[in-house]
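Rule-based calculations on the coordinates, nothing more; no lab input. Computed from a prediction, not measured in an experiment: that's the story for all the values here. Glycine gets a Cβ as well: all are built from the backbone with ideal geometry, and neighbour counts include every protein chain shown.
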Amino acid sequence: MRRAQFLMAGALVTGALVALLPAAAVAQEGGEEADLQPVSVCCAQEIVVIGGALPRKDISGQEVVLDRDRLRTTASGRVEDALRDVAGLQQFRRSDARSAHPTSQGMTLRGLGGNAASRTVVLLDGVPVTDPFGGWVNWPSISAQRLGSVRVTRGGSGLTGGPGGVAGSIELFSENDPGDHPAFAGGLAYGSRNSVSADGLVSAILGSGSAMLAAGYERSDGFYPTPRHQRGKADQRAPYEQANLLARGVIDLDDATRLQAVLSGFYDARNRGTAYSDSRSAGADASVRLVHEGRLPWSAMLYGQLRQMRSGFASVSADRNSVNPTLDQYRVPATGWGGAFEIRPLKALTLGADGRFTSGASRERYSFVAGAPTRLRKAGGRAGTVGAYAALRQDVGDKVTLQASARLDHWRLSGGILEEQFFGGPSLTDNHFPRRSGWEPSASGAVRLRLTEGLTLRGAAYSNWRLPTLNELYRPYRVGTDAIAANPALDPERVRGVEAGLELAPERGIRLSATLYANRLNGAIANVSLAEGPGNFPGVGFVAAGGTYKQRRNLDAISSRGAELDASLALGSRWSLGAAYAYTDASVRASGASAPLDRLRPAQVPKHSGALRLGFKGENVDAMLAARYIGAQFEDDQNRIRLAPALTLDAMVGAKISERFRVELRGENLGNRTVEATRSRTGIIERALPRTLWLGLRYAVE
């Protein structure tokens with residue numbers, strides 16, 4: 001029944017749009033596109049986002065925009081923390097990139113399940129930033145100081161950004177206009193636990209083009225992830241050191257065509273709070289883009305990604321007084337490359353094609369005995385997708401806007417391997433998995449009705465899909481005493497969704513957006529518990545007593561329904577108030593070996609989440625107070641381990657002390673609340689960042 005309702009809604013909207021295609025061609029000589037304003041969670045000002053290959057306005061999903069001021073006034077100064085103001089948007093873990101394991105930072109929306117791989121498309125100026133091997137996001141590679149805005153679209157309707165956004169999309173936009181940058185800007189801050197943060201930016205207009213060089217650095221002695229009352233001799237601080245560098249050049253080839261080239265790199269070193277738990281990540285990205293904005297607008301883009309990671313894992317004794325290595329993931333190289341082409345033969349019509357190709361393998365030393373590895377493993381492969389899309393958007397009079405988009409993708413998996421052998425000895429496993437390929441269609445349709453000057457109704461229906469990552473397909477791994485087997489037979493995830501909402505703006509400075517949605521993620525990939533140790537199990541070997549044998553599997557589905565509210569209010573000319581809330585009713589649909597999970601809540605999905613932000617912007621002083629709430633959620637798929645809800649409070653005060661200098665005082669988690677990031681079966685907690693205070697100085701020359 002639900003599938004029939006979805007297909008009927010999509011057919012009605014899409015059919016209406018197809019019927020309007022001739023009118024779209026006629027309308028090119030007159031009429032302008034409606035000025036569609038997404039809700040901003042930071043303030044009451046109107047925001048129009050220009051980014052990607054060509055300027056676009058999309059009505060098919062609920063959009064939330066974080067503007068430049070919001071990104072730069074977050075208490076931590078980090079992009080991933082600013083994104084916490086978008087209710088319903090979450091990483092796999094509650095901790096951020098200073099203490100979380102790099103592989104736990106997949107992004108999702110609308111309660112579509114906890115997963116290390118991102119169920120959103122994450123783009124920086126139209127270029128994918130997710131890891132080619134595992135799909136997680138290396139947040140230390142992205143500096144908030146050089147971003148102009150972030151646009152979050154909830155729901156799987158964004159088809160022009162490529163496949164993968166079954167939960168939505170996160171689009172990060174650089175400040176491309178040289179006038180947005182000072183000639184030189186820099187900042188230096190010192191914080192709790194000997195934390196140091198520094199960033200700098202130099203930009204210049206050079207003839208018919210411009211150039212920019214930006215860098216960032218941050219380090220800290222770190223905090224203890226384990227609470228004081230649970231610590232033993234094995235517990236230590238979790239220090240980190242992170243750096244990023246970006247160079248960008250833009251040149252106008254003629255009055256309508258510009259060329260942009262970007263080269264960036266990053267380094268990220270973290271420790272998880274015990275010996276043998278260090279991780280090191282590094283990467284470099286390059287992209288070249290041509291954009292023509294003449295009578296026939298078009299854009300073309302090529303990009304490449306290089307990634308390298310190493311990571312250690314440890315087992316801590318029950319009394320937490322000793323620790324032993326369990327896995328040395330000593331080399332994880334990965335590459336990604338691709339491109340996109342887009343053209344607008346009509347103002348209302350966009351045609352495009354894109355492709356992304358990834359490869360990678362994890363090389364590991366494991367099965368430690370007396371502190372030394374006894375076995376070696378190599379697991380990885382190659383993946384590729386190529387697709388084409390069309391998007392049509394048309395105003396019908398001055399009250400109605402219709403939009404439809406469709407795309408067709410071809411995917412291919414090849415070179416999949418799992419090789420295991422004794423250290424310096426014979427082979428244990430030598431699996432070479434067969435090639436697989438397939439076709440995936442997806443589509444979306446949307447309608448927007450402006451009832452009055454301040455009231456707009458909207459609705460949408462959509463489908464989208466995500467290919468399993470190389471990590472999900474081919475690499476087995478362990479967490480503590482649990483062992484998780486890979487599954488090279490995983491199918492793509494496929495989402496269908498519908499939503500309806502309203503946007504209310506009764507007067508300037510007041511905005512409210514409310515959305516009801518229903519999504520069904522068919523074939524959702526999850527780690528399914530199959531048996532308890534002790535025993536030997538396929539794909540992982542021996543699992544000790546107290547451990548669980550799991551395998552990545554396609555569930556029947558994850559069903560998610562809910563409501564999202566976003567509001568902003570200007571309180572006079574200087575004060576602003578922003579609020580966001582998400583209610584998520586999500587449950588697993590499972591049968592067969594996964595039947596014990598049926599009707600349970602997906603792991604890492606809270607029912608309630610919200611954020612409230614009060615801002616002040618004076619002539620020489622500005623301030624921010626932000627409260628964030630995340631409800632209780634389950635750590636595990638069997639809903640046995642509960643993570644407590646958490647309410648945190650952040651603040652920032654900045655004062656301009658001269659034409660060039662500004663001083664800032666920032667505080668994170670001012671109440672020093674224990675935010676549970678993980679919890680073991682025995683009740684051992686790993687917490688997110690405790691109270692952290694920063695004192696900083698910023699300098700700028702126009």
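Restricted to Cα atoms, the range 125-265 shows a radius of gyration and a Dmax of 19.4, 67 angstrom.
Sorted fewest first by neighbouring Cβ atoms within 10 angstrom, Tyr240, Tyr474, Tyr629, Tyr517 come out as Tyr629, Tyr240, Tyr517, Tyr474.
Values of log10 I(q)/I(0) for the chain across q = 0.06, 0.07 Å⁻¹ run -0.33, -0.46, by the Debye formula with one identical scatterer at each alpha carbon and no solvent. Each Cα pair under 8 Å and six or more residues apart adds its separation to the average, and for the range 383-493 the resulting relative contact order is 21 percent. The alpha-carbon atoms of the range 102-160, seen along their principal axes, cover 31, 26, 17 angstrom, with the largest extent given first.
Every Cα-Cα pair of the range 404-531 was included, and the share exceeding 27 Å stands at 47 percent. Percent of Cα-Cα pairs more than 14 Å apart in the range 134-173, please. When all Cα pairs of the range 134-173 are counted, 54 percent exceed 14 Å. Our summary gives the chain a relative contact order of 13 percent, counting only alpha carbon pairs under 8 angstrom and 6 or more residues apart.
Quick one: net charge around Pro373, please, counting Lys, Arg +1 and Asp, Glu -1 for every other residue with C-beta under 9 Å from its C-beta. Walk me through the numbers before you get to the answer.
Details: positive: Arg365, Arg375; negative: Asp328, Glu364.
Cβ neighbours under 9 Å give a net charge of 0.
Histogrammed with a bin width of 10 Å, the alpha carbon distances of the range 249-310 distribute as 19, 30, 20, 16, 10, 4, 0 percent, first bin at zero. Largest first, the extents of the alpha carbon coordinates of the range 376-423 on the three principal axes equal 72, 17, 6 Å.
Pair-distance distribution P(r) for the range 480-567, from all Cα-Cα distances in 10 Å bins starting at 0: 16, 27, 20, 17, 13, 6, 1 percent.
Rank the residues Val447, Val701 as a footprinting-exposure proxy: fewest other Cβ atoms within 10 Å of their Cβ go first. Mind dumping the intermediate values first?
Working: Val447 22, Val701 11.
Arranged by neighbour count, lowest to highest, Val447, Val701 become Val701, Val447.
From the Kirkwood radius over Cα pairs of the range 556-699, Stokes-Einstein at 10 °C and 1.306 mPa s returns a whole-number translational diffusion coefficient of 88 µm²/s.
Distance from the Cα centroid of the range 308-363 to that of the range 135-178 is 16 Å (rounded to whole angstrom).
Toward the positive end of the charge dipole of the chain, with +1 on the Cβ of Lys and Arg and -1 on the Cβ of Asp and Glu, the farthest Cα among Ala526, Thr456, Ala318 is that of Ala318.
Here the range 379-443 and the range 640-686 have alpha carbon centers that stand 37 Å from each other.
I'm checking a number: the convex hull volume of the Cα atoms of the range 138-202, normalised per residue, in Å³. What is it? Could the numbers behind the result be given before it?
Values: hull volume 8.5 nm³, N = 65.
So the per-residue Cα hull volume is 130 Å³.
Only Cα sites of the range 443-506 enter the Debye sum here, all with the same form factor; the resulting log10 I(q)/I(0) across q = 0.12, 0.22, 0.26 1/Å is -0.57, -0.91, -1.02, listed in q order.
How much FRET efficiency would the formula 1/(1 + (r/R0)^6) give for Tyr629 and Leu302, where r is the Cβ-Cβ distance and R0 is 30 Å, rounded to 0.05?
Numbers: r = 43 Å, r/R0 = 1.42.
FRET efficiency, Tyr629 to Leu302: 0.10.
In the P(r) worked out for the range 326-423, what percent of Cα pairs fall beyond 16 Å? When all Cα pairs of the range 326-423 are counted, 70 percent exceed 16 Å.
Could I get the Rg over Rh figure for the range 221-270? Both from C-alpha atoms, Rh via Kirkwood, rounded to two places. My calculation of the ratio gives 1.47.
Stretching Ser573 away from Gln230 to a fully extended chain increases their span by 118.6 nm, per 0.36 nm per residue minus the current alpha-carbon distance.
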